[in-house]
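Enquirer: My questions will all concern the structure given below.
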């Protein structure tokens with residue numbers, strides 16, 4: 001076994017870290033938290049300039065899952081927003097894999113240059129975990145498709161150029177078989193966006209599709225092949241694209257506060273810091289394992305679930321500990337005088353609950369591990 | 001390849017050899033039969049026949065020169081079956097001696113370490129394997145001593161049915177082999193190997209739960225088909241995998257350190273390659289995981305889990321008894337905190353400077 005990075009991967013890590021430090025500035029963070037748009041355009045452009053976005057897209061770049069892990073691990077450690085980049089990389093990977101050459105030519109260059117963004121139109125007001133139940137309807141009308149329905153949790157819809165839209169094209173066949181994926185420009189007439197603010201400053205959106213008309217050029221991966229396209233996307237996540245190491249920046253921020261206030265000498269505080277450091281190490285190792293499995297050519301499906309179950313629960317536990325220890329000052333938000341860790345503790349308290357929901361809820365992941373890994377019998 | 005988590009060819013060989021050895025030679029009936037002492041001399045002799053006692057000793061003293069990476073694989077196999085033999089203590093104590101005697105290398109004598117310093121009366125209290133070990137290494141005052149004396153052969157009745165006993169640091173054939181200060185490698189290795197055993201305990205306890213809920217029917221269906229039960233079990237394999245990875249990483253760090261590679265401790269960057277720190281992490285985490293998994297597994301066995309005839313209670317008691325001979329895990333965390341965040345006084349000075 002070898003837990004170290006090659007000199008080449010180590011060099012890549014240092015460069016990614018430098019780019020993050022240079023682009024995710026305090027002013028940029030302030031802008032994210034005040035506007036709710038957790039996308040760092042200078043970061044995307046700087047990564048693209050070095051060819052790092054292209055390099056990270058499965059099927060286009062070198063496709064090294066270890067590098068993908070390094071990229072997202074560095075972003076998480078720095079508390080830099082990574083959702084936009086992970087969606088971008090996954091969408092680019094899907095288009096490259098199942099798109100037409102015209103779609104690749106039209107969409108990929110600006111995505112890979114870090115100049116455009118994509119969002120995912122999967123969840124709906126009435127279906128989240130159960131994606132096969134989507135009811136947004138696409139009907140053929142001559143040479144065109146007419147799309148009607150509503151999507152929920154379309155984060156970045158208000159700044160994205162493209163949406164991957166999961167629709168129902170054939171309600172007469174079994175649920176998984178009648179789905180079709182489209183990729184269309186967000187400025188297509190008939191799309192409207194309504195903001196959904198979240199408790200963690202980040203804005204997400206409800207999106208509405210009213211008689212949106214698109215041609216076959218927007219069909220992605222073939223009619224009634226939507227579930228396959230969705231699965232391709234899941235395989236690209238490889239269990240390494242975020243939400244598995246949030247405890248690192250939490251502990252760093254908390255440690256800064258503990259040193260500043262002198263609480264660092266308190267054994268009650270030190271024990272919890274040590275336990276958090278242990279959990280952070282385990283979360284890192286589990287994520288690294290998913291990357292290594294992917295690098296070995298397999299799909300870390302259940303391993304990704306295990307990682308998320310552990311990492312998100314450990315993070316939520318630590319957030320609560322540190323919120324309790326910092327007391328009244330831990331309740332103060334960013335920019336308030338005296339706020340513990342500059343307001344980070346309060347923010348993490350609002351950020352934590354979403355981690356066990358988005359990207360696969362704890363219950364979906366438990367069922368996945370219980371049935372696919374432990375082999376427990378399905379309920380009736 | 002960058003980051004390679006596949007076991008080496010040697011590690012695979014060890015895993016296969018020890019897993020099949022213990023499966024054949026240490027059935028659960030043997031574990032029961034060995035209680036309350038928690039030691040089976042015949043199994044110990046059979047281990048000697050495959051050179052297990054000298055596995056991780058250097059070749060210059062007649063050992064096999066195995067790496068820590070190989071040793072933790074063997075010990076995990078021991079933990080899976082709760083093998084009633086003090087291989088962990090013996091390996092750690094023998095490795096601490098510059099010239100372990102031939103009888104330690106070939107296993108005709110048993111060695112152990114006293115995890116806590118001798119008390120004022122010159123007694124080491126509740127030494128693991130103290131009931132059966134011929135040689136004990138430990139701290140007496142400011143000295144590190146090795147004592148050869150007759151073991152009592154019996155243990156006070158204890159939670160895990162482990163062969164614990166008080167031993168004298170002053171009576172018997174005694175030699176001073178070093179100073180107390182700076183003696184920590186053996187205890188670090190004990191933490192690591194105990195963590196490896198606890199990974200085995202946890203992994204097997206989880207398998208027992210899955211096996212039971214699959215065959216046990218209530219309300220006309222396997223209890224394992226109820227989501228409440230599935231979800232209670234689904235959190236556990238990630239814990240086993242995490243503990244195993246941490247053990248393997250600590251072993252890798254030990255082997256790298258032996259090869260002279262400088263370790264790193266940078267918590268802000270989530271980068272720790274220091275062996276003693278990783279050994280503590282692995283110990284605390286594996287002990288917590290083994291306690292949690294045996295608890296949940298016992299629970300899902302229902303009344304049969306609580307009954308002595310069930311196997312899970314054997315795992316439950318060892319998951320607690322094996323690690324707790326070292327002391328309160330919270331104290332372990334505080335010692336870990338010194339390595340990770342600096343000593344409390346030093347941390348305070350840092351904060352006075354404006355941190």
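Enquirer: Among the residues of segment B:261-293, write down those that are assigned to a loop (DSSP other than H, G, I, E, B) and facing chain A (nearest Cβ under 8 Å).
Expert: B:270, B:273
Enquirer: So, in segment A:241-256, exactly how many residues are within 30 Å of residue A:301 (Cβ to Cβ) and either over 18 Å from the mean Cα position of the chain (by Cα) or assigned to a helix (DSSP H, G or I) (or both)? It would help to see each step written out before you state the result.
Expert: Initially, segment A:241-256 is screened for residues within 30 Å of residue A:301 (Cβ to Cβ), giving A:241-251.
Now narrow it down to the ones that are either over 18 Å from the mean Cα position of the chain (by Cα) or assigned to a helix (DSSP H, G or I) (or both): A:246-251.
Number of matching residues: 6.
Enquirer: Sticking with this one: Just to be sure before I move on: is residue B:155 in contact (Cβ under 8 Å) with a residue 12 or more places away in the chain, in contact with a helix residue (DSSP H, G or I) (Cβ under 8 Å, 6 or more places away or on another chain) and under 20 Å from residue B:40 (Cα atoms) in the structure I sent?
Expert: Against the criterion (in contact (Cβ under 8 Å) with a residue 12 or more places away in the chain, in contact with a helix residue (DSSP H, G or I) (Cβ under 8 Å, 6 or more places away or on another chain) and under 20 Å from residue B:40 (Cα atoms)), residue B:155 does not qualify.
Enquirer: Applying the selection to segment A:121-149, what residues are in a strand (DSSP E or B) and in contact with a helix residue (DSSP H, G or I) (Cβ under 6 Å, 6 or more places away or on another chain)?
Expert: Correct list: A:127 only.
Enquirer: Please go through segment B:206-238 and give me each residue that is without any contact (Cβ under 8 Å) to a residue 60 or more places away in the chain, closer than 25 Å to residue A:279 by Cα and buried (at least 22 other Cβ atoms within 10 Å of the Cβ), ordered by number.
Expert: B:230, B:234, B:237, B:238
Enquirer: Could you check how many residues of segment A:291-302 are surrounded by fewer than 19 Cβ atoms within 10 Å (Cβ to Cβ) and facing chain B (nearest Cβ under 10 Å)?
Expert: Count: 1.
Enquirer: Could I ask something else about it? Identify all residues within segment B:5-48 that are buried (at least 16 other Cβ atoms within 10 Å of the Cβ) and within 14 Å of chain A (Cβ to nearest Cβ); write none if there are none.
Expert: B:5, B:7, B:11, B:14, B:15
Enquirer: Confirm whether residue A:311 is more than 8 Å from every other protein chain (Cβ to nearest Cβ) and under 30 Å from residue A:58 (Cα atoms).
Expert: It is true that residue A:311 is more than 8 Å from every other protein chain (Cβ to nearest Cβ) and under 30 Å from residue A:58 (Cα atoms).
Enquirer: Also, quick follow-up: Would you point out which residue out of B:241, B:308 is surrounded by fewer than 17 Cβ atoms within 10 Å (Cβ to Cβ) and either more than 12 Å from chain A (Cβ to nearest Cβ) or within 30 Å of residue A:76 (Cα to Cα) (or both)?
Expert: B:308
Enquirer: Now a separate question. Looking only at residues in segment A:271-290 that are in contact (Cβ under 8 Å) with a residue 40 or more places away in the chain and more than 7 Å from every other protein chain (Cβ to nearest Cβ), which one is farthest from residue B:242 (Cα to Cα)?
Expert: The extreme case among them is A:272.
Enquirer: Pick from B:296, B:320: which is touching a residue at least 40 places away in the same chain (Cβ under 8 Å), touching a helix residue (DSSP H, G or I) at 6+ places or on another chain (Cβ under 9 Å), farther than 24 Å from residue B:192 by Cβ and more than 10 Å from chain A (Cβ to nearest Cβ)? Write out each step before concluding.
Expert: On the way: B:320 fails: farther than 24 Å from residue B:192 by Cβ.
It is B:296.
Enquirer: Considering segment A:257-270 alone, what residues qualify as being part of a helix (DSSP H, G or I) and more than 7 Å from chain B (Cβ to nearest Cβ)?
Expert: A:257, A:258, A:261, A:263, A:268, A:269 - these are the residues of segment A:257-270 that are part of a helix (DSSP H, G or I) and more than 7 Å from chain B (Cβ to nearest Cβ).
Enquirer: Now, a different point. Please go through segment B:214-228 and pick out each residue that is within 24 Å of residue A:361 (Cα to Cα) and facing chain A (nearest Cβ under 8 Å).
Expert: Selection gives B:224, B:225, B:226, B:227.
Enquirer: Does residue A:285 satisfy the condition of being part of a loop (DSSP other than H, G, I, E, B), surrounded by fewer than 24 Cβ atoms within 10 Å (Cβ to Cβ) and not assigned by TED's automatic domain parsing to the domain that holds residue A:65?
Expert: Against the criterion (part of a loop (DSSP other than H, G, I, E, B), surrounded by fewer than 24 Cβ atoms within 10 Å (Cβ to Cβ) and not assigned by TED's automatic domain parsing to the domain that holds residue A:65), residue A:285 does not qualify.
Enquirer: Would a scan of segment A:335-349 turn up a residue that is within 14 Å of chain B (Cβ to nearest Cβ) and modelled with pLDDT under 95?
Expert: For segment A:335-349, residues within 14 Å of chain B (Cβ to nearest Cβ) and modelled with pLDDT under 95: absent.
Enquirer: Is it true that residue B:174 is at pLDDT 95 or above and in the same structural domain as residue B:95 (by TED's automatic domain parsing)?
Expert: Yes.
Enquirer: Now, a different point. Any residue at all in segment A:352-371 that's touching a residue at least 24 places away in the same chain (Cβ under 8 Å), within 14 Å of chain B (Cβ to nearest Cβ) and under 30 Å from residue A:27 (Cα atoms)?
Expert: yes
Enquirer: Are there any helices (runs of 4 or more DSSP H) wholly within segment A:1-82 with 3 or more residues that are within 13 Å of chain B (Cβ to nearest Cβ) and surrounded by fewer than 21 Cβ atoms within 10 Å (Cβ to Cβ), and if so which?
Expert: Where helices (runs of 4 or more DSSP H) fall fully within segment A:1-82 and carry at least 3 residues being within 13 Å of chain B (Cβ to nearest Cβ) and surrounded by fewer than 21 Cβ atoms within 10 Å (Cβ to Cβ), they are A:7-23.
Enquirer: In the list B:282, B:258, which residue meets the criterion of being in the same structural domain as residue B:201 (by TED's automatic domain parsing) and touching a helix residue (DSSP H, G or I) at 6+ places or on another chain (Cβ under 6 Å)?
Expert: From the options B:282, B:258, the qualifying one is B:282.
The values are calculated or read from the model by the stated rules, or taken from the named source; none is laboratory data. Fair warning: this is a prediction, and the values are worked out from it, not measured in the lab. Heads up, the Cβs are rebuilt from the backbone with ideal geometry, glycines too, and the neighbour counts pull from every protein chain shown.
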